[in-house]
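As structure tokens, the structure follows; a few thoughts come after it.
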Amino acid sequence: MGDTTALTELNEQFIEAFRQGSWELLEPILSPDFSYLDGATGDVWPHERYVDTLRSNPSPALAFDQLRIHVDGDTAVVSARTTRQPGRYGRYVDTYERRGDSWLCVHACVWPLASD
């Protein structure tokens with residue numbers, strides 16, 4: 001499987017974890033040292049807050065488009081635009097590191113986009 005295909009599948013799993021509010025689905029694709037930056041506030045969230053927020057806020061309507069994947073050696077950046085309701089968008093950037101034969105997400109940042 002090529003890098004782009006693998007990262008596309010990991011992105012789908014990441015999004016599905018948020019649709020379901022499932023830490024169990026997300027945890028296997030995150031580095032143990034994963035870090036989340038809230039792009040709206042600039043806060044780096046502690047691990048517990050990230051997990052609690054995921055579990056308590058499932059987003060079944062979460063959709064994404066404008067997917068871009070950039071691979072440079074053992075580092076990759078995956079970004080896309082998201083929406084939970086018509087006319088309201090966000091954007092995320094996830095950074096992955098190749099570890100052995102697989103990729104793990106080491107950092108994520110999500111921020112709201114201005115309304116049209």
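The values are calculated or read from the model by the stated rules, or taken from the named source; none is laboratory data. Keep in mind the model is a prediction, meaning the values are calculated, not measured. The accessibility values were calculated without ligands, DNA or RNA, using every heavy atom of the protein model including side chains. Shrake-Rupley method; radii C 1.70, N 1.55, O 1.52, S 1.80 Å.
Scanning residues 5 or more positions from Gly21 or on other chains, those with amide H under 5 Å from its amide H are Ser59, with H placed 1.01 Å from N in the peptide plane. Accessible area per residue was computed with a 1.4 Å probe on protein heavy atoms; Asp52 scores about 90 Å². A 1.4 Å probe run over the protein chains yields, for the chain, 57 Å² of accessible area per residue, whole-number rounding. Taking the chain as a Gaussian network of alpha-carbon nodes connected by springs under 10 Å, the highest mean-square fluctuation of the residues Trp103, Trp23, Trp45 belongs to Trp45. Carbon-plus-sulfur accessible fraction, the chain (probe radius 1.4 Å, protein heavy atoms only): 50%. Give me the accessible area of Thr41, 1.4 Å probe, in Å² rounded to the nearest 10. Roll a 1.4 Å probe over it and Thr41 shows about 80 Å². Taking Pro32, Pro60, Pro86 in turn, the Gaussian network model of the chain (Cα-Cα springs below 10 Å) assigns the largest fluctuation to Pro86. The H on the amide N of Leu113, modeled in the peptide plane, is under 5 Å from the matching H of Tyr89, Gly90, Arg91, each at least 5 residues off or on a different chain. Highest GNM mean-square fluctuation among Ala76, Ala63, Ala40, for the chain modelled with Cα contacts below 10 Å: Ala40.
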